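Contents: one structure, followed by commentary.
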Amino acid sequence: MTKSIGTDMVFARSNDVVAREIDGMLIIVPLTAGVGDMEDDLFSMNETGTAIWNMIDGKKTIKEIISGLKEEFIAGQGEITKDVTGIVEELLKRRMIVEAASS
Amino acid sequence: MRKELVSFIRLPDFALWKKIGDNRIPLSFDLEVTARCNNNCRHCYINLPPGNKRALRDELTLDEISKIADQAVSLGTLWCVITGGEPLLRKDFIELYRLLRSKGLLVSVFTNACLITDKHLDLFKKYPPRDIEITVYGITRKTYEKVTGTPGSYARFQRGIALLLEGGIKVNLKAMALRSNAHELPAIADYCRKRTRDFFRFDPFLNLRFDGNEERNEKIRAERLSPEEITAIERADPERSAAVKKRCGTLEISTPLRRSDNRLFQCSAGDNSFAVSYNGLFHPCSSLRHRDCLFDLRSGSLSEAWFDFTPRALSRKTTSREYIEKCRICPLMNLCQWCPAHAYLECGRMDEWCEYFCRTAHARASAFGPVSA
């Protein structure tokens, strides 16, 4: 079941993964079982995904992340919101992030 | 904004593998955590007894390994192969494994499986390894223990492998083709293929000892199969046979070599991987043991070893006419075990022609040709 993502929610990176930057590329390495489907699964993100990942710090709300992205990327509010909630849902499903708190 | 924000990468397809040629990133390393082993295999190039005081004294500590791994991670390393000796002999193996995984490294473990316990099973279930590779020396007690020289080892191996497989831990199984187990090799292959996760492979090429122990080298030579026996077992195995034939298809050297090119290292050593031995020495490749190609990580950093030392060590040139006239221009090079590292282990010089390698390469070419040698 997909969790509904509210704009006041705060997320932190999970201890089940380790984020690495290799040659300018964000690589997320699963640490515990079940994050990837295979033992040698890795995850990478595109530029937008990397920007969102970098803002998921256990402090910023979804609203603040959307606002930060609006300054960085030329895109409409609706598109950015959809991207942020989409990626947060995906990362939650894969246990790469955890809900830290709601402000 | 693009829709595909997160993507999966399977390691074999990893985009960085394609980029490394330009950037020379050390993406993987072999970490030899001990030279000690619970078995005493006749063919082994490294094993020392479990209680060997010198090996114990010289082994990298957990703290030293942590510092080396940190440096590797900062240089871009993604994958570490824990090897030995037998890694599970280390009392701190579980801590060591978790430490490497926690740094964001994919970890493979090479083991004989004899020392696997429920604790290892729990560890591998919680923090999956990239893979576990186990060597199967025989599938009868008599053969297995003839190779390992260790009474009771076959029962321990069977127990260890059953624990892993019944616990849902997938393993890759491999074999060494030896004088002592050649009669059982087809049965070993069958056993392995029924249980292995991805592949089965066997290796008939035995390195001589890293420590140069001549008494042990005699035993290794005695375990070597003749070139004709090697080609016979390769031909008898369809998978192996197809792989060797494929190599035969690219035997000719396509680019003319410059007469002035007398570089010794024409291989990929030091391009994107390295090895660290149990005593903290850096090697551009795991078999390369010549003193001029070793860098002590207890005295200097991995960055120095990788960026300064390795290019210097591997720029070595040779004036050996025998090497230049026989090996460097040989079209059978990719069927041959010859390389500077193996030549050093075999003959004590990195640029020396080695009769056994040469005879084996020619036997393989004759068996699998057509080749213009």
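The values are calculated or read from the model by the stated rules, or taken from the named source; none is laboratory data. Here the structure is a predicted model, which is why all the values come from computation and not from measurement. FYI the Cβ positions are ideal-geometry reconstructions off the backbone, even for glycines, and counts take in every protein chain you see.
Annotations for the structure displayed:
- Looking only at region B:299-335, and only at residues there that are charged (D, E, K, R) and within 25 Å of B:Leu75 (Cα to Cα), the one that is modelled with the lowest pLDDT: B:Arg316
- Checking each residue in region B:67-112 for being under 15 Å from the mean Cα position of the chain (by Cα) and either more than 12 Å from every other protein chain (Cβ to nearest Cβ) or of a type in the set (Ser, Thr, Tyr) (or both) picks out B:Val81, B:Ile82, B:Thr83, B:Gly84, B:Gly85, B:Glu86, B:Pro87, B:Ser108, B:Phe110, B:Thr111, B:Asn112.
- A residue that is in contact with a helix residue (DSSP H, G or I) (Cβ under 7 Å, 6 or more places away or on another chain) and basic (Lys, Arg) occurs somewhere in region B:355-365.
- When region B:62-80 is filtered for residues that are of a type in the set (Ser, Thr, Tyr) and buried (at least 23 other Cβ atoms within 10 Å of the Cβ), only B:Thr77 remains.
- Subset of region A:60-79 that is within 13 Å of the chain's Cα centre (by Cα) and more than 25 Å from A:Leu42 (Cβ to Cβ) - its residue that is nearest to the other protein chains (Cβ to nearest Cβ): A:Ile66
- Note on region B:123-146: among residues that are more than 19 Å from the chain's Cα centre (by Cα) and within 23 Å of B:Trp79 (Cβ to Cβ), the one that is farthest from the other protein chains (Cβ to nearest Cβ) is B:Leu123.
- Taking the criterion of being surrounded by fewer than 22 Cβ atoms within 10 Å (Cβ to Cβ) and under 19 Å from the mean Cα position of the chain (by Cα), the only residue of region B:177-196 that qualifies is B:Thr196.
- Looking only at region A:29-51, residues that are more than 7 Å from chain B (Cβ to nearest Cβ) and touching a helix residue (DSSP H, G or I) at 6+ places or on another chain (Cβ under 8 Å) come to 1 in all.
- Residue in region B:106-117 that is surrounded by fewer than 22 Cβ atoms within 10 Å (Cβ to Cβ) and part of a helix (DSSP H, G or I) present: no
- Of the residues making up region B:292-321, those that are under 19 Å from B:Cys267 (Cα atoms) and outside any loop (DSSP other than H, G, I, E, B) number 12.
- Some residue of region B:42-55 being surrounded by 16 or more Cβ atoms within 10 Å (Cβ to Cβ) and under 22 Å from B:Ser299 (Cα atoms): yes
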